[in-house]
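Notes to accompany the following structure.
Just so it is clear, none of the values below were taken in a lab; they were calculated from the coordinates. On a predicted model such as this, the values are computed, not experimentally measured, just so you know. So basically every Cβ, Gly included, is an ideal-geometry build from the backbone, and we count neighbours across all protein chains shown.
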Amino acid sequence: YEVVDAGSRNGTFLNNEKIEKQTPLKKGDMIKIGSVALKFLPKGDPERLTYDKLNLEANTDRHTGCYNKTYFNNKIDIEVKKSKVTGTPLSLIIFDLDHFKNLNDNYGHDAGDFVLKDMAELIRNNGVRDNDVFARYGGEEFVILLPKTNLKQSYEIAERLRKLVEGHDFIYDGSKLPVTASIGVADYRKGVSTGTDLFKRADGAVYKSKEGGRNQVNFYRE
C-alpha cells in the first residue's frame, strides 16, 4: 500500500514528515491528515486482528450478534449526512416483536431470549445485505438501516421480513411460540435533518402498525 497527497491544503504527513510524492507504507507508519492521525497495520497483522476483535465486540450486541444501539446511532447520523450531500436514497426499518412481554410471562425469559436470538439469525441470513446495518436497538426492538434504498423498495423488504417472521417455527422446549412483528418504514426526504428525525418517522409508523392490529407494515406519511 502507498499514500499520496491529492492536493490538500494542509498537506499529508507520514511519521511527522510532509510527503511530496507517492510513498510506500510499512507496518506501524503514522499518517496525519489535518487533525486526524492514522496508524497503518497490514491485514492479518496480529495487532490489527486484536484491534478488529475489540472493535467488533464494542459495537455488537452479545446476545443476538447484531450491532448495538451505540453503533447504530453513529451510523444513522453518518448516512443521513451522506444522503444530504449526495442525494442518494436512504431508508430505515424498525420492527418490534408483538406481545413480547406476554411471551416472557407465559413461557419464561429463557424462551424470550431464544426468540430474540433465533429471529436475529433468521433476519440476518435472509434479509440483510452487506451494506445494511442490522442492529438491536433495545429489548425486542430491532432496526435495519438501508443505504441506497428508496421507500418502495424498503417497504417491500419490510413486508418480506414480516412474512418471514410470521411463517417461521420458533420451537422452544417442545412448544411452538407465537411470534409476529409490527414494522415501520421511513426514508430520507424533506424534513429529515438528522438520524433522530429519520428514526422518529419510522417509529411513528411502528405505532400505526400496532394501532392497526399488529403483525403489519406501515410507512411514514406526511
(message) From the phi angles alone, apply the Karplus equation (6.51, -1.76, 1.60; θ = phi - 60°) to the stretch 174-190 and give each ³J(HN,Hα) in whole Hz, x where the residue is Gly or Pro.
(response) x, 10, 8, 8, x, 10, 9, 9, 9, 10, x, 10, 8, 10, 6, 6, 3
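How large is the Rg to Rh ratio of the stretch 126-222 when both quantities use alpha carbon positions and Rh follows Kirkwood? Walk me through the intermediate numbers first.
Working: Rg = 14.1 Å, Rh = 14.3 Å.
So for the stretch 126-222, dividing Rg by the Kirkwood Rh gives 0.99.
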(message) Which one, G65, A120, V80, is farthest towards the positive end of the dipole of the stretch 1-133 when Lys and Arg carry +1 and Asp and Glu -1 on their Cβ?
(response) V80
(request) Could you give the spread of the C-alpha atoms of the stretch 109-181 along their three principal axes, from largest to smallest, in whole angstroms? (result) 41, 22, 17
(message) Just to check, using Stokes-Einstein with a Kirkwood Rh over alpha carbon pairs, what's the diffusion coefficient of the stretch 1-112 at 20 °C and 1.002 mPa s in µm²/s?
(response) 115
(request) Nearest 5 is fine: what % of DSSP beta bridges in the stretch 130-222 come out antiparallel, could you say? (result) 75
(message) Debye calculation, C-alpha points only, no solvent: report log10 I(q)/I(0) for the stretch 41-160 at q = 0.22 Å⁻¹, in the same order as the q values.
(response) -1.25
(request) Using +1 at the Cβ of each Lys and Arg and -1 at the Cβ of each Asp and Glu in the stretch 85-222, identify which of V165, Q153, Y207 lies farthest towards the dipole's positive end. (result) Q153
(request) For T12, list long-range residues whose amide hydrogen, built 1.01 Å from N in the peptide plane, is under 5 Å from its own amide hydrogen. (result) I19
(request) Only one of the values [x] 15.3; [y] 12.4; [z] 11.3 was calculated from this structure for mean projected area of the Cα convex hull in nm²; name its label. (result) [x]
(request) Restricting to the chain, compute how many DSSP beta bridges are antiparallel as a %, nearest 5. (result) 90
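For Cα pairs less than 8 Å apart in space and 6+ apart in sequence, what is the mean separation divided by the residue count of the chain, i.e. the relative contact order in percent? Please list the in-between numbers first.
On the way: 364 pairs, mean separation 40.1, N = 222.
Relative contact order of the chain: 18 percent.
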(message) If I take every Cα pair under 8 Å that is 6 or more residues apart in the stretch 95-222, average their sequence separation and divide by the length, what percent do I get for the relative contact order?
(response) 25
